[in-house]
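Worksheet for the structure shown next.
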Amino acid sequence: PVVKLYPIRNRSEEHIKTKFFTKQVEMELVNSGNISVVAGSDETGAARAERRDQGRHASDLTKKENQNETGADYVLNGWIVSQIDAAGGQEVRAYVVTMELVNVETQRKVWMKVHRLKKVVSRPASSW
């Protein structure tokens, strides 16, 4: 199957580098060898511009043609939410990552996964 990975969205109040997280998921999919991944919507511009440039400047033998892109069978979406609880000098940060795989043709959700992470942060008492 061919998958297009949409950028994972940050729905938390914290600053989370979602581009890094998205690329990690993409790398795991590509390296599995079981799934083909096509460029995301935010990545196609450079290749399309290169094809336009080749259409004007490259030889007919080496230029790449338009309308030969591989269409995705599925799109993979995801988002991150967080919750912070604090008490007694400790803070617990809970993160929930939700991912969904949707069939492009039928719009059926064919797979969903929720992953929960917790991080305990100890804060030193104020010295006021």
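The values are calculated or read from the model by the stated rules, or taken from the named source; none is laboratory data. Because the structure is a prediction, the values reported are computed rather than measured. For neighbour counting, all protein chains shown are included, and Cβ atoms are generated from backbone atoms with ideal geometry for every residue, glycine included. Surface accessibility is based on the protein's heavy atoms, side chains included, excluding ligands, DNA and RNA. Shrake-Rupley method; radii C 1.70, N 1.55, O 1.52, S 1.80 Å.
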Scan region 84-98 for residues that are at pLDDT 95 or above and aromatic (F, W, Y) and jot them down.
-> none
For residues in region 43-53 being part of a helix (DSSP H, G or I) and under 18 Å from the mean Cα position of the chain (by Cα), which is farthest from K119 (Cα to Cα)?
-> G45
Specify the residue that is modelled with the lowest pLDDT; the eligible residues are those in region 99-121 that are surrounded by 11 or more Cβ atoms within 10 Å (Cβ to Cβ), of a type in the set (V, I, T) and over 17 Å from the mean Cα position of the chain (by Cα).
-> V121
Counting only residues that are loosely packed, with under 14 Cβ neighbours inside 10 Å and either part of a strand (DSSP E or B) or at pLDDT below 95 (or both), how many does region 70-83 have?
-> 1
Flagged pairs (Cβ under 6 angstrom, 6 or more apart or on separate chains; first in region 93-113, closer than 21 Å to S12 by Cα; second in a loop (DSSP other than H, G, I, E, B)) are none
Name the residues in region 12-42 that are in a loop (DSSP other than H, G, I, E, B), closer than 19 Å to E69 by Cα and either modelled with pLDDT of 90 or more or open to solvent by less than 40 Å² (accessible area, probe 1.4 Å) (or both), would you?
-> I35, A39, G40
For R56, all conditions in the list (1) surrounded by 15 or more Cβ atoms within 10 Å (Cβ to Cβ); (2) not acidic (D, E); (3) not in a strand (DSSP E or B) hold save one; what is the number of the exception?
-> (1)
Pair list, Cβ < 9 Å and 6+ apart or interchain, from region 1-27 residues that are without any contact (Cβ under 8 Å) to a residue 24 or more places away in the chain to residues that are open to solvent by 40 Å² or more (accessible area, probe 1.4 Å) and among the polar types (S, T, N, Q) | K17/N10
